[in-house]
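Participant: First the structure, then my questions, so here it is.
The values are calculated or read from the model by the stated rules, or taken from the named source; none is laboratory data. In this text, all values refer to a predicted model and were calculated from it rather than measured experimentally. All Cβ positions, glycine included, derive from the backbone under ideal geometry; neighbour counts span all protein chains shown. Ligands, DNA and RNA are stripped out before the accessible areas are found, and what is left, the full protein with its side chains, is counted by its heavy atoms. Shrake-Rupley method; radii C 1.70, N 1.55, O 1.52, S 1.80 Å.
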Amino acid sequence: MLNSVKRREPSTAAAGLLSAAVVLVVGLTVVVSVYASMRANQRENADRVMDQRTAVAAAAVRTETERYRSLVETAAAGISTNTALTWDDFDTATAPLASANLIGAASLAFVVPVGTTGIAAAQTLWRGRGAEGLTLKPVVAAEEHYFTIFTRTLNATGPPMNGLDIAAAPEAATTLDDSRRVGQPSVSDTYVLLRDRNLPAAQQQRSFVFAAPIWTRANHPEFRGWIVLGLRGEDFLSGVLATVSQGQLDGELLATGRDGTRPVVAAYTVPGDADLTRSVDLVVADRGWTLITRADASHLPGASSRLPLTLLLTGSGMSVLLAGLIYVLATGRARAVARVHEATVELRQAEAESRHQAGLLSAIMSSISDAVGVVDDKGAFLLHNPAARELLGVDEDADDPDAWQQHYGLFRPDGRTPFPVEDMPLIRALRGESCDNVEMIVRNAQRPEGILVSVDGRPLDTSAGRHGAVAVFHDITEMRRYENDLAVFAGVVAHDLKAPLTVIRGHCEAASEDLDEAPADVRGSLDRIILAVDRMAALIDTLLAYTTARDAPLRTRRVDLGALVAEVVHDRTAHLRDDDRPQIDVASLPAVTADPAMLRHVLDNLLGNALKYVRPGTTPQVQVTAEAHGEHWARIEVADRGIGIPDTAKPEIFDSFHRAHAEAGYAGTGLGLAICKRIVERHGGEIGVADNPGGGTRFHFTLPLPVREGEFDMTGNNDEAVARAALERALAERAAMENSRLPGLSALPAAEPSAHDPAAARLRAPVPDHHPTTTSAE
Ligand code: ADP
């Protein structure tokens, strides 16, 4: 299934890619065409605006020139009726022109033609008519001169320039001739006005004049002269175009020269690269002019928007995005399906794996002989393997812990006390506590005789953070029976072996006395037999002590530890010469609650080892100290400066028959510390070993302090009865557990009972017992 999905994936990806490509191409095509059409639209707009602006500019030029022409003509007409024109008449007739805002107009002049011979008479005549100080100065050698008589300055600076000979400017002279001949206003070719010729070259503009002839209105019209309007081309054109072009239009005004040339009258430029051009023909007075306009299309309104570019970029971006989206959508479903299938396969594998694990667990649980029970955090059973059902003899589980005691028939090892629910290993494990070797009797309808089980309990993290507990049960009935039988057997054997030894020793001593005269080697043999007998008796005592340490009933009482240590030290050292005496320091020691015989054995063993495990030729140094350990316990330490114990050997030296320095030639059985451990633990204490800083070994063990009315006291002044009662209360249960016969065990065949009861035998120290054990309690 997954493979088929994977096989389809490339084709789906290709289809997704194709769709995305199509969308991209279509999107880009649409965007580009919209962009192109917008650009075309903009270009059209620009053309239209250009046409409009050019039409407006042409109309403005046409209107202005026509106005100038008509103003000049009107002024000429006004003057033509006056036969004796004076300065005042001229001034009055041309006054309206002063306020007519004639753009670019430099001055307006009344000009008369004067023959070379009539110059003086004309000067006199016009001076008489108001042209004060008029001086006619002919500048060309022509028959006829055109002198300015009256001048009205318009946009020019400086004084009126009367008396100028206009014939000096051929363009103007020709115009005057033309207008006189046709009787109509005429406009000149461009030239630099005579009044401007004194200006710096940069300020000199191409200019032109409008000239209107003045003819009297009689039956026989008489020519009087001209009204001439001088115009500066640049000022005129820039004045006219400044408003209509709005800073977007270049302008160039071309006149048509009399010789057919197209001289430039004026030019007006604005910033930008002009790419649009228009040209309009105009009629100015009697001449044809052409106005050429140019503009940068991007500067024209409606053609300079950034919208198309923005649209192109945004549209392209959106097309790419859309194509990407379509690709993701087209391929996303296939990917999602593939992922679901992948997850499903993983899930199935995990499910198969967990089924396999569950099957394996179930097979293990069914096949192991140990009984296993698992409960959840409420104590309800999640699992009970067949061995557990077999062991407990109950088919149905009880899920309420309070019902367990009755349902399964659980008792303390004494067989009578119902097992308290709070001490049950599963309940302790639910509280987070691990416990091992908790013994209990199971006795119910299916197990009427009862079995002794040992239970280990552990907290368990069942699943998803939920807690639970697991317990493993072992049936130790047979083992305990066997151990008991072995103890009885050992006691019998030890006793029966010691009797002949005593006989052998007695006979040897008697023989030794009788053979007083015998050769030395015979008596030496007898002495060696006696020594061997003593060693064997000591070994038997050790073996007895080993079994007794576990099985003999504890006879606890208040024991003066100081006195007991002193006694052991005396036993160990009294027979030594002064030179051989070890250095033994005993601090002040408290009274404790213990079985004095067993405690004596512990002290003797530890002191014996401290004296034994020293380098040959060195004097043993031993320190015995004690301190309070918590409120109710004493911690006793026996420290030496001997050969020490390697770290690797420390964990095992309390095991039976384990010897750390066997090869070094120190005599021993490897049982002494095992016996000590048993005895200390039977008193509820603990024993351990550590290095003695500075060299040697430091053994420690703990023992309960005596009790007075429920209180422990390190001073040793407790009442014996109270101490005894408290300790016995504490240890009674343990002793009962260890010494009780299981219900029904008595029915089993046991070894032939001996008259000697090993459990009741007094423990004998492996040293000569010539000092009676004395304690403050005895
Ligand atoms: P053993 O009969 O060999 O002395 P123990 O059970 O008394 O048996 O001691 C076990 C071993 O622990 C000894 O064989 C010895 O190697 C080591 N041991 C015990 N006490 C001492 C000590 N005080 N210093 C060094 N080693 C010790």
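Participant: Using only helices, what value at 222 nm comes out for the chain when you add -39,500 (n - 2.57) per DSSP H run of length 4 or more and divide by the total residues, to the nearest 500 deg cm²/dmol?
Facilitator: On the way: 15 runs with 336 residues, N = 778.
So the calculated ellipticity at 222 nm is -15000 deg cm²/dmol.
Participant: Let me ask something else about it. In nm, what is the difference between 0.36 nm times the number of residues separating Ser33 and Asp273 and their Cα-Cα distance? Kindly include the intermediate steps, with their values, before the conclusion.
Facilitator: Values: separation 240, 0.36 × 240 = 86.40 nm, distance 2.67 nm.
Going from the current span to full extension adds 83.7 nm.
Participant: Using the Kirkwood radius over Cα pairs, work out the Stokes-Einstein diffusion coefficient for segment 349-409 at 10 °C and 1.306 mPa s, in µm²/s as a whole number.
Facilitator: On the way: Rh = 12.8 Å.
In µm²/s, the coefficient rounds to 124.
Participant: How big is segment 436-549 on each of its three principal axes, counting only the C-alpha atoms and giving the largest first in Å?
Facilitator: On the principal axes, segment 436-549 reaches 90, 35, 14 Å in Cα extent.
Participant: With charges set only on the Cβ (+1 for Lys and Arg, -1 for Asp and Glu), what does the dipole of segment 360-453 come to about its Cα centre, in debye to the nearest 20? Working shown, then result.
Facilitator: Working: 8 positive and 17 negative charges, 43 e Å.
Once rounded to the nearest 20, the dipole reads 200 debye.
Participant: Across all directions of projection, what mean area in square nanometres is found for the Cα convex hull of segment 310-462? Display every interim value, and only then the final one.
Facilitator: On the way: hull surface 61.2 nm².
With the hull built on Cα positions only, its mean projection is 15.3 nm².
Participant: Quick one: give the max-minus-min coordinate of the C-alpha atoms of segment 558-624 along each principal axis, largest first, in Å.
Facilitator: Rounded to whole Å, the extents work out to 39, 19, 18 Å.
Participant: Measure off 7 Å from each Cα along the Cα-to-Cβ vector at Leu329 and Ala21, then give the distance between these two points in nanometres to one decimal.
Facilitator: Taking the two extended label points, one gets 2.0 nm.
Participant: What nm distance separates the two modelled labels at Ala120 and Thr63, each placed 7 Å from Cα along Cα→Cβ?
Facilitator: 5.4 nm
Participant: So how much slack lies between Glu483 and Asp655, counting 0.36 nm per residue of separation and subtracting their Cα-Cα distance, in nm?
Facilitator: Numbers: separation 172, 0.36 × 172 = 61.92 nm, distance 1.74 nm.
Full extension of this stretch gives 60.2 nm more.
Participant: Continuing with the same structure: Please work out the Cα center distance from segment 9-75 to segment 458-521, rounded to the nearest Å.
Facilitator: Centre-to-centre distance over Cα atoms comes out at 119 Å.
Participant: Once ligands and nucleic acids are excluded and a 1.4 Å probe is used, how much of Arg69 is accessible, expressed in Å² to the nearest 10?
Facilitator: 40 Å²
Participant: Leaving out ligands, DNA and RNA, and with a 1.4 Å probe, what % of the accessible surface on segment 586-679 is carbon or sulfur? Let's see the in-between values first.
Facilitator: Working: 2000 of 4000 Å².
With neighbouring chains kept in place, the figure for segment 586-679 is 50 percent.
Participant: Evaluate the charge dipole of the chain about its Cα centre and quote only its size in Debye, nearest 20, assuming +1 on the Cβ of each Lys and Arg and -1 on the Cβ of each Asp and Glu.
Facilitator: Computed about the Cα centre, the dipole is about 5160 debye.
Participant: When you take every Cα atom in segment 368-450, what is the radius of gyration, and what is Dmax, the widest Cα pair distance, in Å?
Facilitator: 12.1, 33
Participant: Hey, can you rank 290-301, 337-348 by average C-beta count inside 10 Å, highest first?
Facilitator: On the way: 290-301: 20.0, 337-348: 12.2.
Ranked by mean Cβ neighbours within 10 Å, highest first: 290-301, 337-348.
Participant: If we restrict to alpha carbons, what Rg and Dmax does segment 54-176 come to, in Å?
Facilitator: 15.7, 52
Participant: Here's a follow-up. Could you please state how large a percent of the accessible area of segment 303-354 is carbon and sulfur, counting protein chains only and using a 1.4 Å probe?
Facilitator: Details: 2530 of 3700 Å².
Exposed carbon and sulfur together represent 68 percent of the surface.
Participant: Compute the FRET efficiency between Asp400 and Leu321 as 1/(1 + (r/R0)^6), taking r as their Cβ-Cβ distance and R0 = 60 Å, and round to the nearest 0.05. Walk me through the intermediate numbers first.
Facilitator: Numbers: r = 66 Å, r/R0 = 1.11.
E(calc), rounded to 0.05, equals 0.35.
Participant: Positive end of the charge dipole of the chain (Lys, Arg +1 and Asp, Glu -1 on Cβ, about the Cα centre): tell me which of Val488, Gly16, Ser454 has its Cα farthest that way.
Facilitator: Final value for the positive-end residue is Gly16.
Participant: Between Ile530 and Glu681, take the C-beta separation as r, use R0 = 30 Å, and let me know the FRET efficiency to the nearest 0.05.
Facilitator: Details: r = 37 Å, r/R0 = 1.23.
Between Ile530 and Glu681 the formula returns 0.25.
Participant: To continue, here is another question. Obtain the nm distance between the two label points defined at Val503 and Ala338 by a simple spin-label model: each point lies 7 Å from its Cα along the Cα-to-C-beta direction.
Facilitator: A separation of 9.8 nm, rounded to one decimal place.
Participant: To one decimal place, what Kirkwood hydrodynamic radius in Å is obtained for segment 473-520 from all pairs of distinct Cα atoms? Don't skip to the end; give the middle numbers.
Facilitator: Working: mean 1/r = 0.0712 Å⁻¹.
It is 14.0 Å.
Participant: Between Rg and the Kirkwood Rh of segment 376-422, both from Cα atoms, what is the Rg to Rh ratio?
Facilitator: On the way: Rg = 11.2 Å, Rh = 11.5 Å.
Using Cα coordinates only, the ratio equals 0.97.
Participant: Using only the Cα atoms of the chain, what do you get for the radius of gyration and for Dmax, in Å?
Facilitator: Answer for the chain, Rg first and Dmax second: 70.6, 214 Å.
Participant: Here's another thing I want to ask about it. Lys/Arg Cβ at +1, Asp/Glu Cβ at -1, dipole of the chain taken about the Cα centre: which of Ser319, Asn162, Val559 is farthest positive-ward?
Facilitator: Working it through, the farthest residue towards the positive pole turns out to be Asn162.
Participant: May I pose another question? Going Cα to Cα from Lys612, which lysines come in below 23 Å? Please leave out same-chain ones fewer than 8 positions away.
Facilitator: Lys650, Lys677
Participant: Then there's this: Just how large is the dipole of segment 124-239 about the Cα centre, in debye to the nearest 20, putting +1 at every Lys and Arg Cβ and -1 at every Asp and Glu Cβ?
Facilitator: Numbers: 12 positive and 12 negative charges, 73 e Å.
Rounded to the nearest 20 debye, it is 340 debye.
Participant: Expressed as a whole percentage, what fraction of the accessible surface of segment 518-581 belongs to carbon and sulfur atoms when a 1.4 Å probe is rolled over the protein heavy atoms?
Facilitator: Numbers: 1880 of 3270 Å².
That fraction is 57 percent.
Participant: Considering every Cα-Cα pair within segment 487-624, what fraction, in whole percent, is farther apart than 24 Å?
Facilitator: Working: 4959 of 9453 pairs.
Across segment 487-624, Cα pairs with separations above 24 Å total 52 percent.
Participant: Applying 1/(1 + (r/R0)^6) with R0 = 35 Å to the Cβ-Cβ distance of Ala84 and Ala55, what FRET efficiency is obtained, to the nearest 0.05? Can you show the working numbers first?
Facilitator: Values: r = 47 Å, r/R0 = 1.35.
Calculated transfer efficiency: 0.15.
Participant: Right, next: Express the accessible area of segment 501-659 per residue in Å², computed with a 1.4 Å probe while the remaining protein chains stay in the model. Mind showing how you got there, number by number?
Facilitator: On the way: 7930 Å² over 159 residues.
Value returned for segment 501-659: 50 Å² of accessible area per residue.
Participant: At 37 °C and a viscosity of 0.692 mPa s, what translational diffusion coefficient does Stokes-Einstein give for segment 1-126, taking Rh as the Kirkwood radius over Cα pairs? Give it in µm²/s as a whole number. Walk me through the numbers on the way to the answer.
Facilitator: Working: Rh = 22.8 Å.
Translational diffusion coefficient: 144 µm²/s.
Participant: Please grab the % of Cα pairs in segment 230-335 that end up more than 24 Å from each other. Please report the intermediate quantities before stating the final value.
Facilitator: Details: 2800 of 5565 pairs.
Percentage above 24 Å: 50.
Participant: Multiply the residue separation of His570 and Arg431 by 0.36 nm, subtract the distance between their alpha-carbon atoms, and state the gained length in nm to one decimal. Kindly include the intermediate steps, with their values, before the conclusion.
Facilitator: Values: separation 139, 0.36 × 139 = 50.04 nm, distance 5.07 nm.
In short, 45.0 nm is gained.
Participant: Ranked highest first by average number of other Cβ atoms within 10 Å, how do 168-179, 144-155 line up?
Facilitator: Working: 168-179: 21.0, 144-155: 22.8.
So the peptides 168-179, 144-155, ranked by packing, come out 144-155, 168-179.
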